[in-house]
Amino acid sequence: MTTIQHISTGRRLKDRMVQGLVYLAFALAVVPLVSVLWLVISNGLARFDMTFLTHSMRGIGARDVGGGAYHAIIGTLEQVLLSSLISVPIGLLTAIYLVEYGNGGRLSRAISFFVDVMTGIPSVVAGLFVLAFWILFLGMPYSGFAGAMALSILMMPTVVRSAEEMLRLVPDDLREASYALGVAKWRTILKVVLPTAFTGIVTGVMLAVARVAGETAPLLLTVFFTDSINNDPFSGPQMGLPLYVFDQAARPNDTAIDRAWTGALTLILIVMLLNLVARLIAWWRSPARGR
Amino acid sequence: MSKQIQVSGLDAYYGSHKAIEDVSMTIEPRSITAFIGPSGCGKSTFLRTLNRMHEVIPGARVEGKVLLDGDDLYGGNVEPVSVRRMIGMVFQRPNPFPTMSIYDNVAAGLRLNGRISKSRLDDTVEESLKGANLWNEVKDRLSKPGAGLSGGQQQRLCIARAIAVKPQVLLMDEPCSALDPISTLAIEDLMAKLKDDYTIVIVTHNMQQAARVSDRTAFFNLAEQGKPGKVIEMDETSRMFTNPSHKATEDYITGRFG
């Protein structure tokens with residue numbers, strides 16, 4: 001016969017212990033995050049000024065103070081924008097195919113497999129591929145666009161996976177409701193499925209952007225270095241913020257080290273800003289608004 | 001504008017599993033036809049074959065004939081999308097589009113099917129919401145999200161959405177099973193009103209509901225689990241519920257099984 005029992009001391013103890021472990025794990029995860037942020041902010045604030053944001057490194061000698069990352073900021077923004085323009089449409093269309101049309105057939109399974117393979121590509125390999133194919137084989141010059149291509153290789157699988165997940169979350173009820181109104185499949189996808197998944201897709205794209213914005217290795221091989229402003233991503237070497245940090249940090253002067261910290265801070269701020277914009281868009285388009 | 005449906009020798013499959021077998025019946029215009037029967041006997045599947053929604057599920061297919069005023073819905077070059085435009089459907093769970101306002105939900109079918117002027121759209125939305133007995137409750141908040149309404153209101157919104165495209169036939173798959181008695185009453189009143197203009201087919205687990213609202217009733221059953229469902233008998237509702245000709249029908253209706 002079962003009776004109502006009190007919680008035994010053993011179970012209480014276990015409960016406390018596991019709770020403690022969870023808190024400990026949380027603390028362990030937060031420590032590096034906070035310490036990185038603290039380091040970057042405290043070291044980067046020294047040079048975070050208008051000169052830094054509006055000047056390039058043109059004509060700045062090895063020991064000079066001053067100089068800035070304007071050329072690198074422009075480069076990063078253009079490269080990330082271009083790689084998004086390449087990878088978001090392709091990634092989104094792939095996800096739509098996988099969810100709405102693939103039906104688990106041979107082609108969709110093959111695509112799924114290769115997306116997984118792409119996820120595992122080391123970033124330097126993506127850079128090497130563009131270097132070998134675009135620059136060495138086709139004879140194109142180093143450019144921001146070459147860097148954007150390398151970045152888009154890294155971005156695409158993330159976009160496909162996150163968009164696919166979001167599209168699968170859209171209940172079939174809604175698709176059926178739309179079909180039952182006599183709406184064709186492609187219009188259903190365009191007007192019902194995509195708007196419903198919009199918020200999640202934007203978040204996924206932003207995660208992918210944040211991932212590639214900090215990539216250094218592929219840029220190293222594709223956009224080269226420059227100290228000058230180059231607004232045209234299609235010709236000539238450009239700079240990127242990760243490259244800038246890498247470059248400055250390797251120089252033996254304190255002035256350069258300071259610039260490297262500030263470059264890292266700027267990169268974090270840019271990614272944060274982009275995230276904020278994405279959240280605003282998502283909030284603005286969210287169905288709960290105006291209730 | 002309502003039309004008659006004639007079904008003959010219809011089988012429906014999910015992959016290799018036969019869900020319903022050899023269903024033949026006539027569904028009269030301007031009347032309510034109810035399908036009753038135990039769970040899993042293929043009522044909903046059959047309902048979904050009537051507007052070619054069954055084949056939306058991967059691997060599902062249909063054999064046999066469904067004639068809408070003489071035109072075969074499963075004819076060789078029939079566009080399923082156009083069939084669904086003529087035969088609307090209301091689902092078990094209210095499913096308003098979550099990204100759209102009340103107004104946009106009702107307008108969805110018309111908007112997604114092509115261009116339409118704003119004034120005609122306004123008229124149709126008002127007319128459809130009035131037709132679904134929802135206008136008075138929502139007329140002041142048409143731009144609010146449809147998902148913010150109560151369950152019963154959402155279901156009437158879905159009915160408004162379905163009748164906004166002016167179908168010939170309205171299929172309802174257990175439209176009240178997720179609703180409270182008051183909302184159920186509202187929907188039943190609405191069905192009685194809609195039957196003047198539409199051919200209505202309703203699947204229900206609620207025997208009293210079938211008895212209350214329908215003109216004709218079909219009883220579905222299956223020999224055993226895993227076997228395809230069949231129509232046991234179909235007759236005037238009054239006769240089905242007082243003097244059924246099959247033992248199984250009587251047992252089901254009186255609550256001896258199912």
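Points worth noting:
- Put simply, of B:A108, B:A160 the only residue that is assigned to a helix (DSSP H, G or I), within 14 Å of another protein chain (Cβ to nearest Cβ) and over 16 Å from the mean Cα position of the chain (by Cα) is B:A108.
- Scanning segment B:69-79 for residues that are away from chain A (no Cβ under 14 Å) and either open to solvent by less than 30 Å² (accessible area, probe 1.4 Å) or part of a loop (DSSP other than H, G, I, E, B) (or both) yields B:D69, B:G70, B:Y74, B:G75, B:G76, B:N77.
- Residues of segment A:246-276 satisfying the condition of being in contact (Cβ under 8 Å) with a residue 40 or more places away in the chain, charged (D, E, K, R), part of a helix (DSSP H, G or I) and open to solvent by 30 Å² or more (accessible area, probe 1.4 Å): A:D258
Residue-wise test of (1) closer than 19 Å to B:I87 by Cβ; (2) open to solvent by 40 Å² or more (accessible area, probe 1.4 Å).
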position: B:L185; (1), (2): no, yes
position: B:K195; (1), (2): yes, yes
position: B:Y198; (1), (2): yes, no
position: B:V201; (1), (2): yes, no
position: B:T204; (1), (2): yes, no
position: B:Q209; (1), (2): no, no
position: B:S214; (1), (2): yes, no
position: B:F219; (1), (2): no, no
position: B:M234; (1), (2): no, yes
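- Any hit, segment A:127-138, residues being open to solvent by less than 10 Å² (accessible area, probe 1.4 Å) and in a helix (DSSP H, G or I): yes
- Positions within segment B:91-104 being within 20 Å of the chain's Cα centre (by Cα) and over 16 Å from B:P175 (Cβ atoms), in sequence order: B:F97
- Meets criteria (more than 12 Å from chain A (Cβ to nearest Cβ) and surrounded by fewer than 19 Cβ atoms within 10 Å (Cβ to Cβ)) for B:S150: yes
- Flag for B:E188 being assigned to a strand (DSSP E or B), at pLDDT 85 or above and of a type in the set (D, E, K, R): no
- Of all residue pairs spaced 6 or more apart or on separate chains, those with beta-carbon atoms under 6 Å, a first member in segment B:80-99 that is more than 7 Å from every other protein chain (Cβ to nearest Cβ) and a second member that is open to solvent by 40 Å² or more (accessible area, probe 1.4 Å) and among the hydroxyl-bearing types (S, T, Y) are B:Q92/B:S177.
- If the condition is being assigned to a helix (DSSP H, G or I) and open to solvent by less than 30 Å² (accessible area, probe 1.4 Å), then segment A:218-243 contributes A:P218, A:L219, A:T222, A:L241, A:P242, A:L243.
- As a summary of the residue check, B:K43 satisfies the conditions (1) closer than 15 Å to B:H205 by Cα; (2) surrounded by fewer than 20 Cβ atoms within 10 Å (Cβ to Cβ) except for the one numbered (2).
- Residues being more than 7 Å from every other protein chain (Cβ to nearest Cβ) and either open to solvent by less than 10 Å² (accessible area, probe 1.4 Å) or under 13 Å from B:P80 (Cβ atoms) (or both) - total across segment A:179-188: 2
- Residue in segment A:204-215 that is within 30 Å of B:N113 (Cα to Cα) and away from every other protein chain (no Cβ under 11 Å) present: no
- Verdict on B:G152 being within 30 Å of B:C41 (Cβ to Cβ), at pLDDT below 90 and assigned to a helix (DSSP H, G or I): yes
- Evaluation of A:V115 against the conditions (1) open to solvent by less than 60 Å² (accessible area, probe 1.4 Å); (2) within 28 Å of A:A72 (Cβ to Cβ); (3) assigned to a helix (DSSP H, G or I) shows that the sole unmet condition is (2).
The values are calculated or read from the model by the stated rules, or taken from the named source; none is laboratory data. Because the structure is predicted, anything quoted here is derived from the model rather than measured. Quick reminder, even Gly has a Cβ in these numbers, built from the backbone with ideal geometry, and neighbours come from all protein chains shown. When the accessible area is computed, the model is the full protein with side chains, heavy atoms only, and any ligands, DNA or RNA have been set aside. Shrake-Rupley method; radii C 1.70, N 1.55, O 1.52, S 1.80 Å.
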